[in-house]
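The values are calculated or read from the model by the stated rules, or taken from the named source; none is laboratory data. Because the structure is predicted, anything quoted here is derived from the model rather than measured. We place every Cβ from the backbone using ideal geometry, glycine too, and count neighbours over all the protein chains shown.
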Amino acid sequence: MPTPVERSLRVFPAGGNGEFNLPPELATVIVRGEGCRLWTSAGRQMLDFSMGWGSVLPGHAHPQVVEAVQRQLTSGTNFAHVTEQSLALAEDIIAASPACQSIRFCASGTEATMYCLRLARAYTGRPKVLKFEGAYHGAHDVGVASLFPAEPPDFPQTVSSSAGIDPGVEQHTLAAPFNDAEATAEILARHGHEIAGVIVEPLQRCLPPLPGFLQSLHSATRDCGALVIFDEVVTGFRLAYGGAQEYFGVIPDLVAYGKALGGGLPLGAFGGRQEVMELVREDRFDRDDYVWTASTLGGNPVSAAAARAALTIYRAEDVYRRLHGLGQYLRRNMTDVLAEYDVPAAILGDGPLAQIAFTAGEPRDYRSSRHADAPLARRLMLELFARGVFLNPMGTKLYLSLAHDEAACDEFCEVLTGALDAVLDRSRAAVRALA
Ligand SMILES: Cc1ncc(COP(=O)(O)O)c(C=O)c1O
């Protein structure tokens, strides 16, 4: 009888459903999860620092989410129409999100950013969009433009990080360096008349915005008439209940949500200023600026029920103080661990997020945060995985959840020490410290 892992290697390309890029000996099939742990078909328990790529912020199988889903299941799972669940959820999101006067649901973050970009083009009548090099906005063509270019072209040109992309996309997608307000303003001054919108991860991957960067970006777009789109798929309900808008104090024209919003079930949402969102009204179907949106499972009542339960959990007292405190604890301890080794490294992140960047300088954008030694970073990630930390070895971003605690972070740091011992030379750092 073939094992589940052997069967998965047979039916899935590379044995996976995307992105993990595990070698066959680490191929894994998950049986169940609880809190911040999961169990594999090989009977192994793993400490989860991926948490469904950050979608399961409450923790696996959180009783409130489970109960909400179970209750909804017996009343129907999808109507492709407004339900009491999706209506109440939309009201909750609008109350939380300063940018959202009006909202629609979809089923993923990819769809949410795609609709925001489409709305920006339709509203302004302009063809181009500006993104920041190294940012991810989902699997669509713009989302993977200059995502991880090996040889980045001169700004504002982009190069696709995927094959199979519509050739026109590179021409219509411009890139700026994250955290460089001057370079961004220059690109907007030169190309702004053609730019429909600027899409930004307010916390790009794990790179925090420099003070004033998002504000400068916002004001440069007012000068050229481009919309600002916050991709809050990661930051929404994670950095604060009001997301990056609340946390960094900048209100965009449009906003995209996913991940933590659904509490682990498939859900995306996009919203913004009323006059922009009006373009999706189907009673404007025959107008030139009508924007097509349709998502069969978007806002289905099961996902909406899970999301309402998740938002109730997030609204509890102390949640964000706890998430930030835990993130700081993890990053501080990871920094201490790394300091023992003879390797240039920085720990990036904010809120309940952390990432190791093997770089010598001060990481502030894609180019300065790229690993100086990418094979080393990969070896470390695979070593961590092999030692029982479930993470995405390609992404390297670590996600904490409300189920993690300091003990889980300590356990992670212990595994990190063992993994670093296996891939690096600690003795040289000790010698250097003595000298
Ligand atoms: C910032 C950001 N935007 C969009 C997406 C796409 O979301 P999804 O995978 O739900 O389509 C992701 C996914 O990782 C993301 O990190």
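For residues in the stretch 323-368 being acidic (Asp, Glu) and part of a loop (DSSP other than H, G, I, E, B), which is nearest to LEU402 (Cα to Cα)? Steps first, please.
To start, the set of residues in the stretch 323-368 that are acidic (Asp, Glu) comprises 336, 340, 342, 350, 362, 365.
From what is left, the residues that are part of a loop (DSSP other than H, G, I, E, B) are 340, 342, 350, 362, 365.
Working: GLU340: 29, ASP342: 33, ASP350: 15, GLU362: 30, ASP365: 29 Å.
In this case the residue turns out to be ASP350.
For the stretch 115-130, how many residues are touching a Ser or Thr at 6+ places or on another chain (Cβ under 7 Å) and more than 11 Å from VAL198 (Cβ to Cβ)?
Of the residues in that region, 1 qualify.
Which residue pairs have Cβ atoms under 7 Å apart, sit 6 or more places apart or on different chains, and have a first residue in the stretch 96-115 that is within 16 Å of the ligand (Cβ to nearest atom) and a second that is among the basic types (Lys, Arg)?
Correct list of pairs: GLY109/LYS259.
One residue is enough: does the stretch 73-93 have a residue meeting the conditions on the phi > 0 side of the Ramachandran plot and modelled with pLDDT of 95 or more? Step through it out loud before you land on a result.
Of the residues in the stretch 73-93, the ones on the phi > 0 side of the Ramachandran plot are 76, 80.
Add one more test, that the residue is modelled with pLDDT of 95 or more, and what stays is 76, 80.
Among the residues of the stretch 73-93, at least one is on the phi > 0 side of the Ramachandran plot and modelled with pLDDT of 95 or more, which makes the answer yes.
Go through LEU380, LEU348, LEU400 for me and flag whichever is of a type in the set (A, V, I, L, M, F, W, C), under 19 Å from ARG37 (Cβ atoms) and surrounded by 19 or more Cβ atoms within 10 Å (Cβ to Cβ). Steps first, answer last, please.
Details: LEU380 fails: under 19 Å from ARG37 (Cβ atoms); LEU348 fails: under 19 Å from ARG37 (Cβ atoms).
Matching residue, one of LEU380, LEU348, LEU400: LEU400.
Which of the residues spanning the stretch 252-273 are under 14 Å from the mean Cα position of the chain (by Cα) and more than 16 Å from LEU311 (Cα to Cα)?
Result: VAL255, ALA256.
Do we have GLY18 as surrounded by fewer than 21 Cβ atoms within 10 Å (Cβ to Cβ), under 29 Å from GLY271 (Cα atoms), at pLDDT below 95 and within 23 Å of the chain's Cα centre (by Cα) here? Before you say what the answer is, go through the steps one by one.
Values: surrounded by fewer than 21 Cβ atoms within 10 Å (Cβ to Cβ): yes; under 29 Å from GLY271 (Cα atoms): yes; at pLDDT below 95: yes; within 23 Å of the chain's Cα centre (by Cα): yes.
Spelling it out, GLY18 is indeed surrounded by fewer than 21 Cβ atoms within 10 Å (Cβ to Cβ), under 29 Å from GLY271 (Cα atoms), at pLDDT below 95 and within 23 Å of the chain's Cα centre (by Cα).
Do we have any residue at all in the stretch 425-435 that's surrounded by 18 or more Cβ atoms within 10 Å (Cβ to Cβ) and either part of a loop (DSSP other than H, G, I, E, B) or within 24 Å of the chain's Cα centre (by Cα) (or both)?
Of the residues in the stretch 425-435, the ones surrounded by 18 or more Cβ atoms within 10 Å (Cβ to Cβ) are none.
The answer is no, given that none of the residues of the stretch 425-435 is surrounded by 18 or more Cβ atoms within 10 Å (Cβ to Cβ) and either part of a loop (DSSP other than H, G, I, E, B) or within 24 Å of the chain's Cα centre (by Cα) (or both).
Which residue pairs have Cβ atoms under 8 Å apart, sit 6 or more places apart or on different chains, and have a first residue in the stretch 38-63 that is in contact (Cβ under 8 Å) with a residue 60 or more places away in the chain and within 14 Å of PRO352 (Cβ to Cβ) and a second that is β-branched (Val, Ile, Thr) and within 16 Å of the ligand (Cβ to nearest atom)?
GLY54/VAL234
Residue under question is ILE165, and the condition is that it be in contact with a Phe, Trp or Tyr (Cβ under 8 Å, 6 or more places away or on another chain), of a type in the set (A, V, I, L, M, F, W, C) and modelled with pLDDT of 95 or more; does it hold? Explain how you work it out, then say what you get.
Working: in contact with a Phe, Trp or Tyr (Cβ under 8 Å, 6 or more places away or on another chain): no; of a type in the set (A, V, I, L, M, F, W, C): yes; modelled with pLDDT of 95 or more: yes.
When the stated conditions are applied, ILE165 does not pass them.
From the list ALA189, ALA220, ALA196, ALA226, exactly one residue is aliphatic (A, V, I, L, M), more than 21 Å from ARG273 (Cα to Cα) and at pLDDT 95 or above. Which is it?
Numbers: ALA220 fails: more than 21 Å from ARG273 (Cα to Cα); ALA196 fails: more than 21 Å from ARG273 (Cα to Cα); ALA226 fails: more than 21 Å from ARG273 (Cα to Cα).
Selected residue: ALA189, the only one of ALA189, ALA220, ALA196, ALA226 that is aliphatic (A, V, I, L, M), more than 21 Å from ARG273 (Cα to Cα) and at pLDDT 95 or above.
Could you figure out which of (1) within 16 Å of THR113 (Cβ to Cβ); (2) within 16 Å of the ligand (Cβ to nearest atom) isn't true of GLU133?
(1)
Can you say whether TYR123 is more than 16 Å from THR173 (Cβ to Cβ), in contact (Cβ under 8 Å) with a residue 40 or more places away in the chain and in contact with a Leu (Cβ under 7 Å, 6 or more places away or on another chain), as far as the supplied structure shows?
On the way: more than 16 Å from THR173 (Cβ to Cβ): yes; in contact (Cβ under 8 Å) with a residue 40 or more places away in the chain: yes; in contact with a Leu (Cβ under 7 Å, 6 or more places away or on another chain): yes.
Spelling it out, TYR123 is indeed more than 16 Å from THR173 (Cβ to Cβ), in contact (Cβ under 8 Å) with a residue 40 or more places away in the chain and in contact with a Leu (Cβ under 7 Å, 6 or more places away or on another chain).
For the stretch 141-164, which positions are surrounded by fewer than 17 Cβ atoms within 10 Å (Cβ to Cβ) and either in the same structural domain as GLY18 (by TED's automatic domain parsing) or under 21 Å from GLY18 (Cβ atoms) (or both)?
Matches in the stretch 141-164: PHE148, ALA150, SER161, SER162, ALA163, GLY164.
Scan the strands (runs of 3 or more DSSP E) fully inside the stretch 165-270 and keep the ones with 1 or more residues being within 11 Å of the ligand (Cβ to nearest atom) and in contact with a His (Cβ under 7 Å, 6 or more places away or on another chain). Give the derivation first.
Working: elements: 173-176, 195-200, 227-231, 254-257.
Passing ranges, in order: 195-200, 227-231.
Quick one: which residue in TYR341, TYR290 is touching a Leu at 6+ places or on another chain (Cβ under 6 Å) and surrounded by fewer than 20 Cβ atoms within 10 Å (Cβ to Cβ)? Break it down into steps so the answer makes sense when it comes.
Details: TYR290 fails: touching a Leu at 6+ places or on another chain (Cβ under 6 Å).
So the residue among TYR341, TYR290 that is touching a Leu at 6+ places or on another chain (Cβ under 6 Å) and surrounded by fewer than 20 Cβ atoms within 10 Å (Cβ to Cβ) is TYR341.
When the stretch 31-63 is examined, which residues are found to be farther than 19 Å from GLU411 by Cβ and surrounded by 14 or more Cβ atoms within 10 Å (Cβ to Cβ)?
Matches in the stretch 31-63: SER41, GLY52, TRP53, GLY54, SER55, LEU57, PRO58, ALA61, HIS62.
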